[in-house]
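Have a look at the structure below, then the notes.
Every number here is computed from the coordinates shown, using simple stated rules; none is lab data. Values in this document were obtained by computation on a predicted structure and should not be read as measured data. Glycine also receives a Cβ, built like all others from the backbone with ideal geometry; neighbour counts cover every protein chain displayed.
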Amino acid sequence: MRVVQFGWLLLGSCLLLTIIGCGSDDGLGRRAVSGTVTLDGTALADGSIAYEPVEKSTTSSGAMIAQGKFSITREQGLPPGRYRVVVNAIKPGTGMTLPEGKFPGEEVGTPQQELIPASWNSKSKQFIEVSESGSTEFRHEISTKGN
């Protein structure tokens, strides 16, 4: 009798591991997402991009931007749904540094300044739609003119 119970326990454990841990599909139908980001027609040198869910999904994701390109793997990707786009990049030459031999509080320089207009980050009204099929490559063309 104990052998039969152990067999069922072993079989159940194997099935549970197969469903939960052995596959990379978490049941959300995540999609890999990639694309480009330009600022005033030029590839954004570096920054970050985040996608925040606005309905249905509670899953968000993001990536670093390098030479205007970003990529999010399927494992970290987005389930189908609507997402708000948030892009951030620090203006070159801004930011505080701590010179050698100085203590915290003795930083020099200027505070970091955001290069991207608020309409693409803190007040973003930019959205994408991720579908169950079709392209998940997005082009984000940011303009500082008129902002």
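Given R0 = 25 Å, the distance between the Cβ atoms of ASP46 and GLU129 translates into a calculated FRET efficiency of 0.40. What the Cβ-Cβ distance of LYS145 and MET96 gives, at R0 = 25 Å and to the nearest 0.05, is a FRET efficiency of 0.30. Checking the table LYS123/LYS145; LYS91/LYS145; LYS69/LYS123 against a 20 Å threshold on Cα-Cα, which pairs fail? With Cα atoms farther than 20 Å apart: LYS69/LYS123. Multiplying the residue separation of LEU28 and THR110 by 0.36 nm and removing their Cα-Cα distance gives an extension gain of 25.2 nm.
Counted by Cβ distance under 14 Å from ILE90, the other residues give a net charge of -1, where Lys and Arg count +1 and Asp and Glu count -1.
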